[in-house]
1. Could you grab me the full set of residues in region 243-254 that are outside any loop (DSSP other than H, G, I, E, B) and under 25 Å from the mean Cα position of the chain (by Cα)?
2. Inspect region 260-283 for any residue being assigned by TED's automatic domain parsing to the domain that holds residue 148, modelled with pLDDT of 90 or more and touching a strand residue (DSSP E or B) at 6+ places or on another chain (Cβ under 6 Å) and give the result as yes or no.
3. Before we move on, is residue 220 in contact with a helix residue (DSSP H, G or I) (Cβ under 8 Å, 6 or more places away or on another chain), within 20 Å of residue 163 (Cβ to Cβ) and either surrounded by fewer than 19 Cβ atoms within 10 Å (Cβ to Cβ) or outside the structural domain of residue 120 (by TED's automatic domain parsing) (or both)?
4. Based on this model, can you work out whether residue 220 counts as within 23 Å of residue 115 (Cα to Cα) and at pLDDT 95 or above?
5. Collect the residues in region 112-130 that are surrounded by fewer than 23 Cβ atoms within 10 Å (Cβ to Cβ) and within 19 Å of residue 216 (Cα to Cα), keeping them in residue-number order.
6. Could you please find all residues in region 144-161 being modelled with pLDDT of 90 or more and in contact with a helix residue (DSSP H, G or I) (Cβ under 6 Å, 6 or more places away or on another chain)?
7. Which numbered condition trips up residue 193, out of (1) surrounded by fewer than 23 Cβ atoms within 10 Å (Cβ to Cβ); (2) more than 12 Å from the chain's Cα centre (by Cα)?
8. Do we find that residue 82 is buried (at least 18 other Cβ atoms within 10 Å of the Cβ), within 30 Å of residue 55 (Cβ to Cβ) and outside the structural domain of residue 204 (by TED's automatic domain parsing) in this structure?
């Protein structure tokens, strides 16, 4: 799904020669740096760097990876991704099972004033509390955020900043593909998105990676209008690749009022929570 050679090529094409002290004239036809320029700046031979980009050199040292990251201007997330791609033949993390402990589900339901859900590395929503179900207008198991964003046209209006949201989704899936290269469900999801969305194909080709941590998430709910939420991601210690997401609103803001209104308006139309056994099960086709 992802490889070291392709990642190096895309990063090299984005470095402005002038930014690393290379003079540019009108005769230059290469976007970004040339291979020999990256090699020289990184302190490796041109032949070795060419073999890296052709997928013929494996297991580069930490010193080489650090030098490449410096020349290519990689941030912390991209540097970690580079390391995972370079180490794949030696270390392949086991794909998470997707099963959730009943105790964790009870904790999730204790979050009553903010949408909260549990999501895996494929962006499958494994479980959610009442406000999360009301926000998305559906039960959580069966919802895949990437599919929801790119393929369900009728749902696109829910995302008030759709363009930015697509960048986050693709960046996360790129990161997941480098971490779990042997996950067939992830590969299938990426193929489905590429077949169904031109924007996904365009963004995937850029090979950007993004880590989910925290930040603003804006939704335009059909009943209560704009909700400008702050999302925090908490990694679950006993479920690799799985996170608890809590989307809160600052007290006294229109969004806080909107969440209270949403909870009250939908009191009789709450999407029914699934039985605990179903919520703890491994997601099927709908959450590939």
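The values are calculated or read from the model by the stated rules, or taken from the named source; none is laboratory data. Quantities reported herein were computed from a predicted structural model and do not represent experimental measurements. Methodologically, a virtual Cβ is constructed for each residue, glycine included, from the backbone with ideal geometry; neighbour enumeration extends over all protein chains shown.
1. Selection gives 243, 244, 245, 246, 247, 248.
2. no
3. Working: in contact with a helix residue (DSSP H, G or I) (Cβ under 8 Å, 6 or more places away or on another chain): yes; within 20 Å of residue 163 (Cβ to Cβ): yes; either surrounded by fewer than 19 Cβ atoms within 10 Å (Cβ to Cβ) or outside the structural domain of residue 120 (by TED's automatic domain parsing) (or both): yes.
The answer is yes for residue 220.
4. Criteria met by residue 220.
5. The answer is 113, 114, 123.
6. 144, 146, 148, 149, 150, 151, 159
7. So the condition that residue 193 fails would be (1).
8. It is true that residue 82 is buried (at least 18 other Cβ atoms within 10 Å of the Cβ), within 30 Å of residue 55 (Cβ to Cβ) and outside the structural domain of residue 204 (by TED's automatic domain parsing).
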